[in-house]
Every structure is written in C-alpha cells, then in structure tokens.
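Data block below; observations after.
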Amino acid sequence: MAHTAVEKKKYTYEDYLDTPEDKRYELIEGELFMTPSPIPLHQRISRKLGFELTGFVEENDMGEVFYAPCDVYLDDENVVQPDILFISKERLNIIGEKNIRGAPDLVIEIISENSAYRDMVQKKRLYAKFGVKEYWIVIPKEGQIELYILKDDSFHLYKTYHQDTTLESPYLKDLKINLQGIF
C-alpha cells in the first residue's frame with residue numbers, strides 16, 4: 001500500500017492578517033505560530049533594554065526603535081514580531097503604515113521557555129537570510145546576551161555578555177549598556 005505524506009498547509013501574509021486581533025502570531029516559512037503573552041521578567045528586561053537603546057538612538061539621531069507587537073513583513077511567508085528592533089535613519093523608508101517592510105538593522109529577542117527554539121534557530125536563520133546586521137538573543141535565566149553579527153549571509157557569535165559586564169555593539173558604535181541594571 002502506497003504511503004502518502006500529508007501536505008502541511010502553507011500560510012501567507014493574507015492568512016496572517018486573518019488571525020484574531022487579541023492574540024499574537026508570527027509566520028515563519030509559511031508556518032503560523034501563536035505567541036503567548038510574555039511573563040513579567042521578560043517585560044522588565046525588554047523595558048530596560050529598550051529604554052537604554054532608545055535613549056542612545058535618539059540622543060545620536062540614528063533612526064527609530066520599535067517594540068513588540070509590531071509586524072515585520074519580510075516576505076509573504078515570513079512575518080515576525082521581534083521584542084525590540086532598530087531601523088537606521090538611512091532605511092526609515094521601510095516603515096510602512098501597517099508594518100515594517102523589510103529587515104530591521106538590529107533585532108533583539110528575549111528568550112522564553114516556549115520561544116527558545118524559534119528564537120535561537122528558526123528566527124536566527126530567518127533574520128540572517130533577510131539581512132539583519134546584528135541579532136541579540138537575551139537569555140533571562142542565565143543573565144546573558146548572545147550578540148551575533150551578520151557575515152556572508154549567516155550569523156556569527158561576536159560575544160556573549162554576562163550580567164556583570166557591559167555590552168558593546170559592533171554595529172551601533174559607542175553604544176554601551178551596563179547589564180547589571182538590565183537583569
């Protein structure tokens with residue numbers, strides 16, 4: 001008896017737009033993922049990191065910082081909501097009325113128990129593919145941030161910062177964030 005594989009439905013941006021407003025979704029390689037609400041620790045880290053990044057970006061007139069939920073449309077099968085994202089002044093034209101259309105310059109994802117694989121594997125691959133220049137993966141339980149930089153279409157670990165160190169961004173020159181105040 002012939003065995004036929006069940007075709008998995010590929011979702012598109014149009015399907016994504018039909019998802020319920022009261023829940024957060026992401027679309028990765030045509031697969032729809034529901035994103036549960038973040039826990040307070042996640043939100044606290046997001047607020048503190050975002051505060052530092054936004055202050056630096058505005059002070060130096062470098063572009064704009066956005067926070068989830070904010071749709072980043074990469075293509076018809078990839079729509080994500082990074083925790084924090086930065087778009088440089090030269091690329092502000094990717095900010096549309098309804099979403100960001102294209103890869104941000106910097107993306108920050110804060111790991112939660114149910115997002116670890118997605119953030120560390122799927123989204124990392126996706127962000128590299130679409131040209132995000134710098135990717136930070138924040139691991140709250142470890143009190144650390146893995147900073148990746150894009151080289152030849154893939155991310156390379158630049159440095160792992162721990163909570164008693166000062167993060168320095170290779171892309172955002174002169175940005176220094178004391179991580180003790182973040183975790």
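The values are calculated or read from the model by the stated rules, or taken from the named source; none is laboratory data. The model shown is predicted, which means the values in this text are computed figures rather than measured ones. Methodologically, a virtual Cβ is constructed for each residue, glycine included, from the backbone with ideal geometry; neighbour enumeration extends over all protein chains shown.
Among residues that are at pLDDT below 95, out of contact with any Cys (no Cβ under 8 Å at 6 or more places or on another chain) and either within 20 Å of Leu150 (Cα to Cα) or not acidic (Asp, Glu) (or both), Pro104 is not included. Only a single item in (1) surrounded by fewer than 16 Cβ atoms within 10 Å (Cβ to Cβ); (2) under 18 Å from Val132 (Cβ atoms) is not met by Pro36, and it is number (2). Using the structure shown, decide if Leu53 is modelled with pLDDT of 95 or more, loosely packed, with under 15 Cβ neighbours inside 10 Å and of a type in the set (A, V, I, L, M, F, W, C). So Leu53 fails the test.
The set of residues from the range 128-181 being surrounded by fewer than 13 Cβ atoms within 10 Å (Cβ to Cβ), polar (S, T, N, Q) and within 18 Å of the chain's Cα centre (by Cα) comprises just one member, Ser154.
Condition check for Val79 on (1) at pLDDT 95 or above; (2) more than 23 Å from Phe155 (Cα to Cα): one failure, at (2).
Of Asn114, Asn93, all but one fail to be touching a residue at least 24 places away in the same chain (Cβ under 8 Å), of a type in the set (S, T, N, Q) and either assigned to a strand (DSSP E or B) or surrounded by fewer than 17 Cβ atoms within 10 Å (Cβ to Cβ) (or both); the exception is Asn114.
For Glu58, are the conditions met, namely being touching a helix residue (DSSP H, G or I) at 6+ places or on another chain (Cβ under 9 Å) and either assigned to a helix (DSSP H, G or I) or under 18 Å from Tyr135 (Cα atoms) (or both)? Taking the combined requirement at face value, the residue does not satisfy it. Residue pairs whose Cβ atoms lie under 6 Å apart, sitting 6 or more positions apart in sequence or on different chains, and linking a residue in the range 6-25 that is surrounded by 10 or more Cβ atoms within 10 Å (Cβ to Cβ) to a partner that is among the polar types (S, T, N, Q) and not in a loop (DSSP other than H, G, I, E, B), are Arg24/Thr35.
For the residues Tyr135, Tyr148, Tyr161, the requirement of being part of a strand (DSSP E or B), without any contact (Cβ under 8 Å) to a residue 40 or more places away in the chain, over 29 Å from Leu27 (Cβ atoms) and not β-branched (Val, Ile, Thr) singles out Tyr161.
Among what's in the range 164-180 and is among the aliphatic types (A, V, I, L, M) and assigned to a strand (DSSP E or B), pick the residue that is farthest from Asn60 (Cα to Cα).
Top of the filtered list is Leu167.
Considering only residues in the range 62-76 that are in contact (Cβ under 8 Å) with a residue 24 or more places away in the chain and buried (at least 18 other Cβ atoms within 10 Å of the Cβ), the one that is farthest from Phe33 (Cα to Cα) turns out to be Met62. For the range 132-155, indicate whether the set of residues that are out of contact with any helix residue (DSSP H, G or I) (no Cβ under 9 Å at 6 or more places or on another chain), aliphatic (A, V, I, L, M) and more than 19 Å from Gly63 (Cβ to Cβ) is non-empty. No, because not a single residue in the range 132-155 is out of contact with any helix residue (DSSP H, G or I) (no Cβ under 9 Å at 6 or more places or on another chain), aliphatic (A, V, I, L, M) and more than 19 Å from Gly63 (Cβ to Cβ). Here Lys98 meets each of (1) more than 16 Å from Leu74 (Cβ to Cβ); (2) touching an Asp or Glu at 6+ places or on another chain (Cβ under 9 Å); (3) outside any strand (DSSP E or B) with one exception, condition (1).
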